[in-house]
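Structure record follows, encoded as structure tokens.
The values are calculated or read from the model by the stated rules, or taken from the named source; none is laboratory data. This structure is a prediction, so every number in the text was calculated from the model and none was measured. Note: ideal-geometry Cβ built from the backbone for every residue, glycine included; neighbour counts use all protein chains shown. Accessible surface areas use protein heavy atoms only, side chains included; no ligands, DNA or RNA. Shrake-Rupley method; radii C 1.70, N 1.55, O 1.52, S 1.80 Å.
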Amino acid sequence: MSEGRRFEKLFSPITIRGVEIKNRVVFLPHLTLYASADHLSTERDVYYYRERAKGGVGLIVVPSMIVHPSGSYLNTIHAFDPKVIPGLKKIVDSVHDNGAKIFGQLTHMGNQTRSVETFEPIWAPSNVPDLTVGEIPKPMSIDEIHILIDSFAKSAKNLVEAGFDGVEIKVAHDGILGQFVSLLKNVRTDEYGGSLQNRCRIIVEILQAIRNEIGDRPLGVRLGINKFLPGDYGIDEGVEYAKMVATVADYISTDSGTWESIDKLTAPMTVPQGFLLEDVAKVKKAVNITVIGHGRIVWPQMAEDALEKGYCDMIGLARALIADPYWAKKAEEGRFDEIRGCIGCNQKCMGRLLQNLPISCVQNPTSGHEEVYGEDILYKKTITPKKVVIVGGGPAGMKAADILARKGHRVVLFEKENMLGGRVNWESRLPGRREVFGVSRFLMKEMDVQKVDVRLGVEATEEIIKNEHPDIVIIATGSKIVSYEIPGIGKEKVFTTLDALNGAVTGSNVLVIDNDASTEGIGVVNALLNQGKTVYWTTPSFVNAQNVTPPTVMPLYQMVDNKSVELHPMSVVLGVEGDVATLLNPYYGRQEKIKGVDSVVITGVKVPETELFNKLKGSFPEVYIIGDAAAPRDIAAALEDAVGLCIKL
């Protein structure tokens, strides 16, 4: 893209029921778990949404605010409680002050909460559990349905009092309304079940009740248009639902998947960017109201193309704006290459959410921590510029160089290889992990933009560093992938992750010892299978790939399916004698033999490269060590280390 090119459609204004929005970029609602334990919004919420408003988005939708105690969920905002109004007003005012409009989304979690949260049987259309939760819900009576409808209306009134510009109801990947329209979760035989019209009846009645309460303000629906689940509805039924809600609603914000088809809810990097746009276009063609498109849209050009082709009227982004709050501003100013693109890893957004932890982002570790690490704080210009030497051009080293250069320091970065990237270079070679390279793509561009003095192919020594006369030295030399001795088998038959990626593993039958059950292990397994090997995949973890978040691991498992692989979880390799491997399951207290093993690949073992750091300690006023050089972990931790150090310097 040429410098300065504008995305004219994307940055044209649009009006929804009298509310003018400055552009077509929508920060989609997504659960953050930033609310307090007593279900009030927090300062963390304020700073989070303010940062995206400062970054240029047109519309922000605050997610999943609960309308009734029976539908509560931990660390969500209770919209039914008037006590939330002052805190919500702070969020609204901070967004308005930075030029964006803000809507509030209402929901009830239905069969996707737990009675430990509600202190009563959980409500649902029918006594059908969500498979990811497993708790049997109570089928709602007609009286309870009427109570629910009234609760949505009363909660909407609270949002209006807090100053929200519009209201949205959630009929999407989670929540009771998505369960009413589901062909699997709703098995009612009364007027709220059976036909599509009956299933959607409660949605229309809620919209009508809210309209009567909020008057002439925007009212929308986050609508699941394709469940991507066998036995549930697809796009054809989704279009019919869209027609029904369009009789009352002013806009439809498209959604996809469920907790049970989570790889289509927060689509990982193995799912093509823009995967839902053809379905979105069918909805747009069927209705005469505003349609917000989504579906793993990462870059402005795809967003512009979708608008130009008439697939939708606005572009919904969640993870893209978590990764870069200033996505819209950069796109509008023609700084396309400076966007910190979402890589679809799901590690710290959905991955943390599924652990009931507040979300953040691998690419943007400051996300969710804007009060401390917002751009105006992290990149604040120093009044005492210093010379900084950084050794190591992996994610930690480049991230530190980027931050310190932005702050006004003079930065020299040494990298002994002829290419920046460090561990990113091999991780992005793992099958299904190509977009991990996006971490390096962004940081490499920043080295140019911030005018960092990058010296490739130079192995920094104590003498070289002293000749630079630095005020600060940061060691980010990373870690080394290693193997270890396996009793009974020669070293020539023991290989590492890099050997597997380079096609250097000998033999046809390979025993993989996956020590950390991460993307590295399953990636190596897939690489070996692609080379035609038979793989015996062992791990001490309870489940193979246990530490890979579900939306990411599902397609990786599908890549393994129907290939020549045996899974051996809860297994420790005791040794290999001849071609027979002995495994111990410490939980069952029994051993197992695997015959015909030609070679072994060890994954998940690294040692820090600390030699230079140990030499430099005491030689300079300030010497620091970050990333894998400090402790081998992952890319996310490397970037976090850089942020945590640089904010202090």
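Here are a few things to note about the model shown:
- Taking the DSSP beta bridges with both ends in the chain, the antiparallel portion is around 20 percent.
- Cα-based shape type of region 494-649, given that a ≥ b ≥ c are square roots of the gyration tensor eigenvalues and the cut on a/c is 1.5: prolate
- Summarising the amide proton neighbourhood of Leu413: residues at separation of 5 or more, or on other chains, whose placed amide H is nearer than 5 Å comprise Ile390, Asp453, Val454, Arg455.
- Cα gyration tensor category, rounded, prolate or oblate, for the chain with a/c compared to 1.5: oblate
- All lysines inside 20 Å of Lys648 as judged from Cα atoms, apart from same-chain residues fewer than 8 positions distant: Lys380, Lys381, Lys386, Lys387, Lys399, Lys407, Lys617
- Where the chain is the region considered: accessible area per residue in Å², 1.4 Å probe: 38
- Whole-Hz Karplus values for region 387-395 come out as 9, 10, 10, 10, 10, x, x, x, x Hz, taken residue by residue from phi with 6.51 cos²θ - 1.76 cosθ + 1.60 and θ = phi - 60°; glycine and proline positions read x.
- Rel. contact order, % - alpha carbon contacts under 8 angstrom, at least six apart, the chain: 11
- The overall shape of region 171-316 is oblate: from the C-alpha gyration tensor, with semi-axes ordered a ≥ b ≥ c, the ratio a/c is 1.5 or greater and a/b is no larger than b/c.
- Since only Pro470, Val573, Phe620 are under comparison, the one whose Cα sits farthest along the positive direction of the charge dipole of the chain, derived from C-beta charges on Lys, Arg, Asp and Glu, is Pro470.
- Within the shell of other residues whose beta carbon sits under 11 angstrom from the beta carbon of Glu260, the net charge comes to -1, with Lys and Arg scored +1 and Asp and Glu -1.
- Exposure rank, largest accessible area first [Arg211, Arg44, Arg434; 1.4 Å]: Arg434, Arg44, Arg211
- Take 337-347, 451-461, 169-179 and order them by the average number of nearby Cβ atoms within 10 Å per residue, most first; the result is 169-179, 337-347, 451-461.
- Amide H to amide H, with H built 1.01 Å from N, Leu219 comes under 5 Å of Val167, Asp250, Tyr251, counting only residues 5 or more places away or on other chains.
- Net charge of the neighbourhood of Ile377, taken over other residues with C-beta under 13 Å away and scored Lys/Arg +1, Asp/Glu -1, is +2.
- Couplings 3J(HN,Hα) for region 358-363, derived from phi with the Karplus relation 6.51 cos²θ - 1.76 cosθ + 1.60 (θ = phi - 60°), are x, 7, 8, 7, 4, 5 Hz, where x marks Gly and Pro.
- Probe 1.4 Å, all protein chains present, accessible-area order of Glu51, Glu463, largest first: Glu463, Glu51
- Listed residue (Val412, Pro385, Gly432) projecting farthest to the positive dipole end of region 372-448, Cβ model: Pro385
- Summing charges over all other residues whose Cβ lies under 12 Å from the Cβ of Thr76, with Lys and Arg as +1 and Asp and Glu as -1, gives -4.
- FRET efficiency for Thr461 and Lys380, using Cβ-Cβ distance with R0 set to 25 Å, rounded to 0.05: 0.15
- Region 462-586, dipole about Cα centre (Lys/Arg Cβ +1, Asp/Glu Cβ -1), debye to the nearest 20: 360
- Carbon plus sulfur fraction of accessible area for the chain, probe 1.4 Å, in percent: 50
- Filtered trypsin sites (Lys or Arg not before Pro), region 565-649: DSSP coil and at most 13 other beta carbons within 10 Å: Lys617, Lys648
- From phi via Karplus (6.51, -1.76, 1.60), per-residue ³J(HN,Hα) for region 407-422 in Hz, x at Gly/Pro: 6, x, 7, 8, 10, 10, 10, 9, 9, 5, 7, 8, 8, 6, x, x
- Considering only Cys200, Val291, Ile235, and ranking their Cα positions along the charge dipole of region 196-314 that arises from unit charges at the beta-carbon of Lys, Arg, Asp and Glu, the one farthest toward the positive end is Cys200.
- Test item: Cα-centred dipole of the chain, Lys/Arg +1 and Asp/Glu -1 on Cβ, debye: 840
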